[in-house]
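*Asks:* Structure below; questions to follow.
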Amino acid sequence: MKQTALSFLSAILLSAAASYASDEKLVTCSSAIKLTHIESGSKYYLLSDDRQLQSGSGQQLVTAVENNRTPDGLWQIREAHDSPVCDAGTPIRCGDVIRLMHVGTGRNLHTHGIKSPLSNQHEVTGFGSGQGEGDSGDNWTVVCESGGDFCKGGRYWGRD
């Protein structure tokens, strides 16, 4: 009888450990992550700090750099603007709309109709009060490429 109970307990613990290990690969609400530029082979990381653009909107500068060790590259996953609070640890699904708050400044990754002076595409900036507040220009849709490195189980945003 002891052997059967021990085997059963071992099976439960192994199942829980396997579940936890796979959950570690999911991006969740309140996670602090670094965003890489996939087209460069993940060589560049999205970074921001308290500097302001000198043209365009004049909002907080967001750029890409090779240095992956700087804390200026951390972004926290938050619920979309005007959405219910996203509880810490809730996995982010492919297709979810989220905000990315810069950990160092509290401003959100933001886009709007102003053209970037460098790329002539939409400018991407840090925006808001510094407490994660902003507007709908802070909302981003999670797109998971089917079978891609960051698509876990076909339904969730995963991490390396």
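The values are calculated or read from the model by the stated rules, or taken from the named source; none is laboratory data. Since the model is a prediction, treat every value here as computed from it, not as a measurement. Note: ideal-geometry Cβ built from the backbone for every residue, glycine included; neighbour counts use all protein chains shown. The protein model used for the area step is the full one, side chains on, heavy atoms only, and it has no ligands, DNA or RNA in it. Shrake-Rupley method; radii C 1.70, N 1.55, O 1.52, S 1.80 Å.
*Asks:* Is it true that Ile77 is outside any loop (DSSP other than H, G, I, E, B), within 19 Å of Thr28 (Cα to Cα) and either of a type in the set (A, V, I, L, M, F, W, C) or open to solvent by 70 Å² or more (accessible area, probe 1.4 Å) (or both)?
*Replies:* Answer is yes for this residue.
*Asks:* If you don't mind, another one. Could you check Thr63 against (1) in contact (Cβ under 8 Å) with a residue 40 or more places away in the chain; (2) outside any loop (DSSP other than H, G, I, E, B) and say which number it fails?
*Replies:* (1)
*Asks:* I'd like to check something: does segment 96-111 contain any residue that is of a type in the set (D, E, K, R), touching a Gly at 6+ places or on another chain (Cβ under 8 Å), assigned to a loop (DSSP other than H, G, I, E, B) and open to solvent by 20 Å² or more (accessible area, probe 1.4 Å)?
*Replies:* Yes, because at least one residue in segment 96-111 is of a type in the set (D, E, K, R), touching a Gly at 6+ places or on another chain (Cβ under 8 Å), assigned to a loop (DSSP other than H, G, I, E, B) and open to solvent by 20 Å² or more (accessible area, probe 1.4 Å).
*Asks:* So, one more: With the checklist (1) at pLDDT 85 or above; (2) in contact with a Lys or Arg (Cβ under 8 Å, 6 or more places away or on another chain); (3) among the hydrophobic types (A, V, I, L, M, F, W, C) in hand, flag the one item Phe150 doesn't pass.
*Replies:* That leaves (1) as the condition not met.
*Asks:* Working only within segment 81-93, note down all residues that are under 12 Å from the mean Cα position of the chain (by Cα) and in a loop (DSSP other than H, G, I, E, B).
*Replies:* Ile92
*Asks:* Only one of these conditions is not met by Leu46: (1) at pLDDT 80 or above; (2) assigned to a loop (DSSP other than H, G, I, E, B). Which number is it?
*Replies:* Only one criterion in (1) at pLDDT 80 or above; (2) assigned to a loop (DSSP other than H, G, I, E, B) is unmet by Leu46, namely (2).
*Asks:* Of Ala88, Ala32, Ala18, which residue is modelled with pLDDT of 90 or more and closer than 26 Å to Glu145 by Cβ?
*Replies:* Numbers: Ala88 fails: closer than 26 Å to Glu145 by Cβ; Ala18 fails: modelled with pLDDT of 90 or more.
Being modelled with pLDDT of 90 or more and closer than 26 Å to Glu145 by Cβ holds for just one of Ala88, Ala32, Ala18, which is Ala32.
*Asks:* What number of residues within segment 23-38 are under 11 Å from Arg78 (Cα atoms) and touching a Pro at 6+ places or on another chain (Cβ under 6 Å)?
*Replies:* Number of matching residues: 1.
*Asks:* Can you name the number of the only condition in (1) among the hydrophobic types (A, V, I, L, M, F, W, C); (2) modelled with pLDDT under 90; (3) not in a strand (DSSP E or B) that Ile114 fails?
*Replies:* (3)
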